[in-house]
Amino acid sequence: METTEDGTVSLEWLFEAQRYVERRLVQKWLTKFTSTPDFIARQHPTVNIGHVVDDVIAARRRRTVHAVQRVSRSRDIIFTLLWGQPGIFSQ
């Protein structure tokens, strides 16, 4: 192990040790971990179709609300340009 004048370990040695540890973790332990039944089961979560349907419905509602708001703003702009006041249906 290489040390500097003040007795600390050199950065080159630390980087080499870090590379060795990382290589060891990836080659040995990561392979063992990813082959366990628990890990494999977590990679294929069960999907609750009810939640998926709720998400799709909520997304459609959001898109509809935004479209209605855009139409309302556009209508107000047109009324203001033509008649100088917002439309009669404005809130």
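Every number here is computed from the coordinates shown, using simple stated rules; none is lab data. Keep in mind it's a predicted model, so treat the numbers as computed, not measured. For neighbour counting, all protein chains shown are included, and Cβ atoms are generated from backbone atoms with ideal geometry for every residue, glycine included.
Numbers for the structure displayed
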quantity: Residue in the stretch 11-23 that is in a helix (DSSP H, G or I) and within 29 Å of the chain's Cα centre (by Cα) present; calculated: yes
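Yes/no per residue for (1) exposed (fewer than 10 other Cβ atoms within 10 Å of the Cβ); (2) free of Cβ contacts under 8 Å to residues at least 24 places away in the same chain; (3) assigned to a helix (DSSP H, G or I); (4) in contact with a strand residue (DSSP E or B) (Cβ under 8 Å, 6 or more places away or on another chain):
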site: Asp38; (1), (2), (3), (4): yes, yes, yes, no
site: His44; (1), (2), (3), (4): yes, yes, no, no
site: Val47; (1), (2), (3), (4): yes, yes, no, no
site: Val52; (1), (2), (3), (4): no, yes, yes, no
site: Arg70; (1), (2), (3), (4): no, yes, yes, no
site: Ser74; (1), (2), (3), (4): no, yes, yes, no
site: Phe79; (1), (2), (3), (4): no, yes, yes, no
